[in-house]
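Below is one structure, written out as structure tokens, with a few remarks after it.
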There are 2 protein chains.
Amino acid sequence: MTENGTPIDKDKGTWVTWRPEIKVLDCTVRDGGLVNDHAFDDALVRAVYDTCAAAGIDYMELGYKGSERIFARDEFGPWKFCREEDMRRAVGDSPADVKLSVMADAERTDYKTDILPFDDSVLDLIRVACYIHQIPLALDMVKDAHDKGYEVCLNLMAVSTVHENDLDDALAVIAQSEAETIYLVDSYGAFYSEEIHALCAKYLDACRSTGKQLGFHGHNNQQLGYANTIEAIVAGANRLDATIGGLGRGAGNCPIELLLAFLKNPRYRLRPVLQCLRDHILPLRKTMSWGYDLAYMITGQLNQHPRSAIQYYDDGDGDIVEFYDEMIEA
Amino acid sequence: MTENGTPIDKDKGTWVTWRPEIKVLDCTVRDGGLVNDHAFDDALVRAVYDTCAAAGIDYMELGYKGSERIFARDEFGPWKFCREEDMRRAVGDSPADVKLSVMADAERTDYKTDILPFDDSVLDLIRVACYIHQIPLALDMVKDAHDKGYEVCLNLMAVSTVHENDLDDALAVIAQSEAETIYLVDSYGAFYSEEIHALCAKYLDACRSTGKQLGFHGHNNQQLGYANTIEAIVAGANRLDATIGGLGRGAGNCPIELLLAFLKNPRYRLRPVLQCLRDHILPLRKTMSWGYDLAYMITGQLNQHPRSAIQYYDDGDGDIVEFYDEMIEA
């Protein structure tokens, strides 16, 4: 039983066991792309892909299927759009045992045209991301991707700001959708473990008997990205997002090098991830900034979007006490 | 109930409440002293003291009562020894509502002579620290400090490497001691939340009906220093160690700026801590290194003392993959 008295998956295992249902999705290039306008070069993308293959990571997410009507091609790198030719060029034709994924944002994806039929694409998984007011559109996107032959996830974002009865209504319709997986998403890095347990129980309860899996995507604003991922696992989540070195917008994500060691599935190997960190990810710190810092802590504690904290660090030379004072003003 | 089916303090509260029994101990100068051989200048010590007063932090730990027969005065700063005159000079005579503490290591403290009678000292709390084979000595140190008039804690270190039946034996005698508080200490940053819950339950069970409080001291090797402190709170711990900016040996400690926001006790104020970070702690990064990094992650995952990781970073220019290979060699 959890602290909240909700039942936990009987198969959750113990410290020395592992749960074969658990699959890990690397979103280094997708979430990290939010830091550099999706401008990673092919060598970096290929290095992450090869690392996923060597480390036994189940899925790799390449970026977004951004609409070229909304976003200018010359203002973003290729992983904002994930054109088929860009993906094929970067990952090559190697038959690596890593499924490929993109994220499709509600209202920002021309999904009917830009998501190709499954047989015409290197992609395996479409992850539809939406806010709660976009659920009807998201459900149409889920159906579209499912009908085209893909495995489909639905990521309901910013749920830490959603009222509970609205969430119940959303989960009721999501449960009827074609999505194989529903993600609990801590967009603002605001959740504590007891909330993770309560929400995982709610999501699982809504989807009971549908066969859907529960996923979790955390952020590290309060140094809880990895910790909350562990709590989601304990609470029954079997699909886990993480990134190499925690690379991701703002405070970043759950570091995959921490997660793989926790999971103990012999399929997963830490050493290739350390190699990738040494050779590819840590050198990015010369030109990209990410990870826990005080301004992200403050937006996380206040359950707010990290944009003001990102702006604070972009401006440079800020005064963290002044930032705090501004954030807590009414 | 926890995941382990153990009972939880009925008074643990909810997200919007706070538990008045909880007290926070700042060990910035003590644990941070392990990074710079306890050589903080008086201004830094005074700044932390004033911050604790302004932020409502209950205790501040100044350092160790190291034996001058064992440790040379000229090889360490004053906070290795915490002579009465040094403490009085640094904190002054201001009647701040912050209790003062030192740590007394078993076998490294001339406790009978160097710990003065309570009325002759600025100290309020003596924290006896020991490994499990030092329990008999530690119990004599606890009695000595108690008889001299102090509040006393017992910190049993490196418990992640202690066999469970030995721990049961230790807790049985500790329960009979004069210590008001027993600390669960995650010396190597190796514990996951389920272990925290199980061990807190074990400690509380051993001390039931003695009126002792349970404390928790974490380390951040796996980015779980703060998260495990939250879990210890949920499991009933009422005495919590933390440091400003997480300053501490190796991966550092639970950051007090995260903890205070979680606790929600109106006594605690975040703003003075942010001021201290800006003006005193973050500038230390020019000459001191601490905080989560990959080599500390590896020693934490392997449940080992961080000394090899500290050496790795002291040497500089290391190869993290080679470090990993060395660490997992038999």
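Where a number appears in this text, it was derived from the coordinates with a stated rule and is not lab data. As the structure is a computational prediction, the values presented were derived from the model and not from experiment. We place every Cβ from the backbone using ideal geometry, glycine too, and count neighbours over all the protein chains shown.
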Item checked: Average beta carbon contacts from partner chains per residue of B:227-234, 10 Å cutoff -> 4
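Quote to one decimal, in nm, the extra length available between A:D124 and A:A172 on full extension: 0.36 nm per residue of separation minus the C-alpha distance between them. Let's see the in-between values first.
Working: separation 48, 0.36 × 48 = 17.28 nm, distance 2.61 nm.
So the chain would gain 14.7 nm between A:D124 and A:A172.
List the GluC sites (Glu not before Pro) within the range B:86-167 that fall in a DSSP loop (any state other than H, G, I, E or B) and whose Cβ has at most 14 other Cβ atoms within 10 Å. Walk me through the numbers before you get to the answer.
Details: sites: B:E107, B:E151, B:E164; in loops: B:E107.
Passing sites in the range B:86-167 are B:E107.
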Check: If you find the alpha carbon centre of the range B:210-253 and of the range B:106-140, how far apart are they in angstrom?
Finding: 22 Å
Item checked: At 7 Å out from Cα toward Cβ: A:D147 inter-copy label distances (nm, ascending) -> 8.5
Check: What does the helix-only formula give at 222 nm for chain A: each DSSP H stretch with n ≥ 4 adding -39500 (n - 2.57), the total divided by the residues, and the result rounded to the nearest 500 deg cm²/dmol?
Finding: -10500 deg cm²/dmol
Check: Dipole of the range A:78-121, Cα-centred, from +1 at each Lys and Arg C-beta and -1 at each Asp and Glu C-beta, to the nearest 20 debye?
Finding: 140 debye
Check: Could you work out Rg/(2.2 N^0.38 Å) for chain B, with Rg from alpha carbons only?
Finding: 0.95
Note to self: Compute, for the protein assembly as shown, the length of the dipole vector about the Cα centre, with Cβ point charges of +1 (Lys, Arg) and -1 (Asp, Glu) only. Units Debye, rounded to 20.
What the structure shows: 520 debye
Note to self: Using a label point 7 Å beyond Cα on the Cα-Cβ vector, give me the inter-copy distances for A:D168 in nanometres, one decimal, shortest first.
What the structure shows: 4.5
Next item on the list: Filter the GluC sites (Glu not before Pro) in the range B:226-330 down to the DSSP loop ones having no more than 13 other Cβ atoms within 10 Å, then list what survives.
Entry: B:E329
Checklist line | Simple spin-label estimate for A:R271 and B:S308 in nanometres, 7 Å along Cα-Cβ | finding: 1.5 nm
Notebook entry, point to check: If you take the charge dipole of the range B:111-268 about its Cα centre, with +1 on Lys and Arg Cβ and -1 on Asp and Glu Cβ, which of B:H146, B:F118, B:Y226 is farthest toward its positive end?
Noted result: B:Y226
Checklist line | With at most 12 other Cβ atoms within 10 Å, longest stretch of chain A clear of loop trypsin sites (Lys or Arg not before Pro) (DSSP) | finding: A:70-207
Next item on the list: Report the residue of chain B with the smallest Cβ-to-axis distance, using the rotation axis that brings B onto A, in whole Å.
Entry: B:A227, 2
Margin query: Between the range A:145-172 and the range A:257-288, how far is it from one alpha carbon centroid to the other, in angstrom?
Written below: 30 Å
Next item on the list: Put a label point 7 Å from Cα along the Cβ direction on B:F118, then list its distances to the equivalent points in the other copies in nm, shortest first.
Entry: 7.3
Notebook entry, point to check: For B:F216, which sequence-distant residues (separation of 5 or more, or a different chain) have an amide H within less than 5 Å of its own amide H, given hydrogens modelled in the peptide plane?
Noted result: B:L184, B:R239, B:L240, B:D241
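Under a Cβ-only charge scheme (Lys and Arg +1, Asp and Glu -1), can you give me the dipole magnitude of chain A about the Cα centre, in debye to the nearest 20?
Values: 32 positive and 54 negative charges, 246 e Å.
The dipole magnitude comes to about 1180 debye.
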Next item on the list: Using the charge dipole of the range A:23-286 (Lys, Arg: +1 at Cβ; Asp, Glu: -1 at Cβ; taken about the Cα centre), state which of A:A55, A:V102, A:C130 has its Cα farthest towards the positive end.
Entry: A:A55
Note to self: Can you tell me how the range A:163-311 classifies by the Cα gyration tensor, rounded, prolate or oblate, using a/c under 1.5 as the rounded cut?
What the structure shows: oblate
Next item on the list: Give the dimensionless ratio obtained when the Cα radius of gyration of the protein assembly as shown is divided by 2.2 N^0.38 Å.
Entry: 0.98
